[in-house]
Amino acid sequence: MALIGTSWVGCTADKAPPWPAAAVASGNVLLVTLDTLRADRLNDRVMPRLSALARSGHRFRNTYAHAPMTLPSHASILTGLLPPAHGVRGNGAFRLGEAHRTLAERLKSSGYRTGAFVGAFVLDERFGLARGFDRYDSVDDDRDFAADFAFAERAAPAVLSAASQWIREADSRPWFAWVHLFDAHAPHDASPAAGLGPYDDEVHLMDARLGAFLDRLSEDGRLSKTLVVVTADHGESLGEHGESTHGLFAYDATMRVPLVVSGPRIGIGDHAATAALVDLVPTVLDAVGLPADPTLPGRSLRLLSEPASGRPIYIEAQEGWLAAGAAPVTAVVEGGLKFIELPVPELYDLAADPGEARNLYAESPDRARPLAAALRSILSAPAVSSPAPRDADADARLRSLGYVAGGARTAGGAFTAVDDPKNVLPLYERFLSILSGGGNDISGLSAIVEERPAFIAARMAASSLLIESGRAREAVAMLVDAAGAPDAAGALTERLGAAYLAAGQPAEALRVLTVAVADPNASADAWNGLGVARAQTARPAEARAAFDEAARLAPGSARIRINAAMARLEAGDPEGAMATLTRLTADRPEALDAWRLLATLRHGRGDLAGAVEAWQRVVTTDRRDFDSLFNLAITLRDLGRTDDARTAARRFTAAAPRPEYGREAALLAPLTR
C-alpha cells in the first residue's frame, strides 16, 4: 500500500520533484538512525549539527514511524514494509523473517559493500536485521547478562569509531553503512554541560559526536559521492499523555520523527508533506539509480509532491498488548487527521491540535469513519508473525535497556475500556519504574501480576528474578497457571520449563518443554532447555539433538553452542565437542567460556601448545580468572617455556587472593625465582 503526500500545518506540498532521479547514481549510502529522537528536537538549540545538515539538504518535518519501538521500526526502515507485513511487532520476542528482503540485500546484490554498526542489543543480529550485511557490528560479548546489565548498549563513540574504520577500508565498490546511535534512550546519563535537561543534554552530546563523525568523513572525501539519510526510529513522550517513555501509545510525541536527506545533486528543501519511514527504501533505490519495487508500500521522497490517491499512513503500538494484555493500538494519519482504533476511540485534528489534547471522536464520529475504513482495509491484508529465537540471557539484556519481551502472544477475546492502554497506563508506569530502578523488586512485580494477571512482562520479569534468587518453586507457581491461558505467549511455557529445571524437577521440565518445541515457532531457548532436561534425565543422544537445533536457531549464542559441545562430550564424542568449540571461537573470539573448555580438552588430549593458546586468550581478557592463569603457568612449564611460565607465575602470585589460592601459589613459587 502506498502512502499519501498530504500537506498540513500551514504549508503546501512542493509542485516539482525536489531532486533528479538517480541523483547519486552508483554512489555510497550512509543511513543514520538515532534511537528515541523526537521530531521537535531537530533545532539549533538542541541539535545544531543536524540542523545545519538539514539546511544543506532536505528536511521532512512531518515524517511518521510505524511503531514506537526499536526493533519493529527498524524492520520497517530496512525492508520498506509495514509491521503487519514484516511481522516484527515488538522488541525481543520477534525476528525478521527471511522472506523479507532488506535494503542491505538489495544493495549487496548490486555490488555494494555493506556494513552495520548498532548501539544496543535490541538490534542484535539474532533478531534478523543482519541479512545482507558483510559486517554486522553489534552489542554482544560473553558476559553473564543476568548479573551484569551494563553491556547491553554502547555509546556513540564506540559505534562511530567502528563505522569510520570500516568506511575507510573502502575498495573500488560503493558502500552502504547503517549507523545506529542509542544514546538518547533512557536512562539519560550525559554530563549536563549544555544545561538543557537530562534528555536534551543526551541528544545534544549525540549530535556533537555525529557532527564530528560526518566532518571526518567529509575531510577525507568520503561524502563527495554519498547519499546521507538521518532519521529516528521513534520519539519519546517525556510525560506527554502521562507516558514517561514510549511504546504504549501512538501519539505524535513518539510517532513523529526527524528526517534529513542530503548529498550531491540532492539540493535544498524544507517539506511539510507527510512522509513515512517506509519511504526510505524506495528513496535510496531511486537516488542510487536502482529499479523501484512496486510491491513496497512507500514511495521515493523525490516523488512526495505527486498525488498519492489519498492513501493513509499506518501506525501501531503493540507494546501494551504484548506486555500487559492491553488492547493493541492501531491508527492512521490522513489529511491532517489521526484516528486511533481503541475501546475508547480517538480522533485528532493535527493542524489545530498538534499536542493531541482534544479527542474529537465523540463529537465528530463522521470525520473518523473514512479513516476507520482505511484502517480496516490495511489490516485486512494477511499479517505475518515472526517470533524470535531467544537464548537464555537475551531477556536480561533487554531488561537492562528498559524492555521486557512479553512474547508473541495469541490474539483472542474482546477488549473493553478496562483494557484500553489509557487505563492500563498507571500500572504500566509502575512496571517501568521498577525496571528503571534495576528491575529487582520481586514484590512490586508480583503486585502488578496480582492486579492484572494478563501482564505477561511483569510475570516473566518476576519469575526470572525468582529463579535467579534461588526461589524457583515460587517461579513455578507464578507461571504454571498463566502458561495454559488461551492468549499466553509461548515464552511463558518456555520459562516454566526453565523454572522446573532450576527447581530440580527435570522430568517436569522435559514434559513442559517437549510440548513447547512442538510449536514450529519454538525459540532457541526452548530447545536449549529441552537439551538440559534430556541430559539430566539420561538421554544424551536426544540432548545433543536438542542443543544442535538450539544452536541452529541462535548461531550467535555462545552459551547454547557450549551446551552442544558438552552434550557431545557426554555422548562420548570429544572430537565433535572440540570441532564445535573451534568453530565457536572462530565466530566469537570473545566467548571466554568456549576458550576455557577448549583449553581443557586440548590439554587432556596432549595438545599443550593448543591449550596454552586458549588459556592465553582467556587471561588476556579476564585478568581475574586465576584458575586459567594457574593452568597456563603450569602448562608453559611443562612445555619448557621457562621464561613465559615465570611471567605467568609471577602475575598469579602477585594478584591471586589468599587463602583461596594459597596452595596454587605455593606450587608456583619455584617458578617465580
Which count do you get for residues in segment 523-554 that are over 26 Å from the mean Cα position of the chain (by Cα) and open to solvent by 10 Å² or more (accessible area, probe 1.4 Å)? 12
Please indicate, with yes or no, whether at least one residue in segment 269-279 is in contact (Cβ under 8 Å) with a residue 60 or more places away in the chain, polar (S, T, N, Q) and open to solvent by less than 10 Å² (accessible area, probe 1.4 Å). yes
Considering only segment 503-522, I want to know if a residue exists there that is open to solvent by less than 60 Å² (accessible area, probe 1.4 Å) and of a type in the set (Ser, Thr, Tyr). no
Got a sec? Which of Gly263, Gly242 is closer than 20 Å to Ala54 by Cα and open to solvent by 10 Å² or more (accessible area, probe 1.4 Å)? Gly263
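Kindly establish whether Thr254 is buried (at least 19 other Cβ atoms within 10 Å of the Cβ), touching a residue at least 60 places away in the same chain (Cβ under 8 Å), of a type outside the set (A, V, I, L, M, F, W, C) and more than 23 Å from Asn28 (Cα to Cα).
yes
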Looking at the structure I just gave you, is Gly497 assigned to a loop (DSSP other than H, G, I, E, B) and without any contact (Cβ under 8 Å) to a residue 60 or more places away in the chain? no
Restricting to segment 635-671, name every residue that is of a type outside the set (Gly, Ala, Ser) and outside any helix (DSSP H, G or I). Leu639, Arg641, Pro657, Arg658, Pro659, Glu660, Tyr661
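Listed here are the residues, each with its yes/no results for (1) free of Cβ contacts under 8 Å to residues at least 12 places away in the same chain; (2) in a loop (DSSP other than H, G, I, E, B).
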position: Val284; (1), (2): no, no
position: Leu290; (1), (2): no, yes
position: Pro343; (1), (2): no, yes
position: Gly355; (1), (2): no, yes
position: Asp366; (1), (2): yes, no
Pick from segment 209-239, criterion of a type in the set (Asp, Glu) and out of contact with any His (no Cβ under 9 Å at 6 or more places or on another chain), ranking: surrounded by the fewest Cβ atoms within 10 Å (Cβ to Cβ): Glu219
Just the residues that are of a type in the set (A, V, I, L, M), open to solvent by less than 40 Å² (accessible area, probe 1.4 Å) and in a helix (DSSP H, G or I), please, taken from segment 15-64. Ala39, Leu50, Leu53, Ala54
Hits in segment 631-652 (condition: over 23 Å from Leu598 (Cβ atoms) and surrounded by fewer than 18 Cβ atoms within 10 Å (Cβ to Cβ)): Thr642, Asp643, Arg650
From Leu510, Leu581, which residue is modelled with pLDDT of 95 or more, more than 24 Å from Thr493 (Cα to Cα) and outside any loop (DSSP other than H, G, I, E, B)? Leu581
Quick one: would you say Thr582 is within 30 Å of Arg126 (Cα to Cα), free of Cβ contacts under 8 Å to residues at least 24 places away in the same chain and β-branched (Val, Ile, Thr)? yes
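The values are calculated or read from the model by the stated rules, or taken from the named source; none is laboratory data. Predicted, not measured: the structure shown is a model, and the values here were computed from it. Every residue, glycine as well, gets a Cβ built from its backbone with ideal geometry; the counts of neighbours run over all protein chains shown. When the accessible area is computed, the model is the full protein with side chains, heavy atoms only, and any ligands, DNA or RNA have been set aside. Shrake-Rupley method; radii C 1.70, N 1.55, O 1.52, S 1.80 Å.
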